[in-house]
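To start, the structure itself, in structure tokens.
The values are calculated or read from the model by the stated rules, or taken from the named source; none is laboratory data. All values derive from a computational prediction rather than experimental measurement. When we count neighbours, we look across all protein chains shown, and the Cβ atoms used for this are built from the backbone with ideal geometry, even at glycine.
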Amino acid sequence: MSTTNCDSGDGESLRDRKARLTRESIHRAAVRLSYERGLDAATVAQIADEAGISQRTFFNYFASKEDAIIGTATSGPDERLVHDALASADFSSGVLATTADVVRDILSRSLGDEETEQIRRALFMREPALVQRNADAGGALATMLIDALTPRLADEVATLALPDGTTTRDAVRMIVLIALAPLRHSFVRPKPPPGESADEASADEAAADEAAAESTPTNLHERFDTSLALFRTVLEGIRI
């Protein structure tokens, strides 16, 4: 009997597990080679060879080496990650805060191993174009969340006095965009306080750049958790 689709023990079929491991292997190879050789110099052929696959297989998973670095699969965001994060979400405790928790859960599940994420962060600092591409990937995740949450939050939205011409989906889209604020906040470098000298500001920026280049999944999570705690404090303390 074939075991191709048998459960691996955690709800993931063997086929899905193999696909996930292949995707992660390509991602690691793309990040490492692009950092070591330069984004322009690293090729899909080299990345595929490093990952132990054919170029044809590479394109089954990613449309380009840039997408492989970001982790944006040809099929879009990982639906299983989104499904699993939403399955355990309890929106009765607050829609905005819970949606932000879902985003944090997806981030936690999707970050790669520590070494790869550290290199990827340094690569982002060196290749600003990748930052925008990463933002675009976040937009795809937002769309997936909106699609999943529109029917689920219909009852909550029905209690709101929506402006004329707006729909339940419009309201859910606003909820998701607001809930993404802690994630954006955790990646924004604060400006120096008024009155700080240019030299002091430059020193602070250099230190921030160095810290960003040394980011790991652990401290990325810590920054996100700090931003999430601030988000909850603002929601609870200010009527908005």
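Could you please let me know if A213 is at pLDDT 65 or above and surrounded by 15 or more Cβ atoms within 10 Å (Cβ to Cβ)? When the stated conditions are applied, A213 does not pass them.
One residue is enough: does the range 194-201 have a residue meeting the conditions hydrophobic (A, V, I, L, M, F, W, C), modelled with pLDDT under 80, out of contact with any helix residue (DSSP H, G or I) (no Cβ under 9 Å at 6 or more places or on another chain) and not in a loop (DSSP other than H, G, I, E, B)? Scanning the range 194-201, I find at least one residue that is hydrophobic (A, V, I, L, M, F, W, C), modelled with pLDDT under 80, out of contact with any helix residue (DSSP H, G or I) (no Cβ under 9 Å at 6 or more places or on another chain) and not in a loop (DSSP other than H, G, I, E, B), so the answer is yes.
Filtering the range 73-115 to residues that are touching a Lys or Arg at 6+ places or on another chain (Cβ under 6 Å) and either outside any helix (DSSP H, G or I) or modelled with pLDDT of 85 or more (or both) leaves only A97. Give the range 131-168 a look and list any residue that's in a helix (DSSP H, G or I) and either over 30 Å from H27 (Cα atoms) or in the same structural domain as A63 (by TED's automatic domain parsing) (or both), or say none. The answer is T150, P151, R152, A154, D155, E156, V157, A158, T168. Would it be correct to say that A171 is assigned to a helix (DSSP H, G or I), at pLDDT 90 or above and not charged (D, E, K, R)? Yes; evaluated as a whole, the condition is true for this residue. Looking only at the range 26-72, how many residues end up being assigned to a helix (DSSP H, G or I), of a type in the set (S, T, Y) and crowded, with 17+ Cβ neighbours inside 10 Å? Going through the range 26-72 one residue at a time, the tally reaches 3. Do we find that R23 is assigned to a helix (DSSP H, G or I), at pLDDT below 90 and either over 20 Å from T116 (Cα atoms) or not assigned by TED's automatic domain parsing to the domain that holds I70 (or both) in this structure? For R23, the condition - assigned to a helix (DSSP H, G or I), at pLDDT below 90 and either over 20 Å from T116 (Cα atoms) or not assigned by TED's automatic domain parsing to the domain that holds I70 (or both) - is not met.
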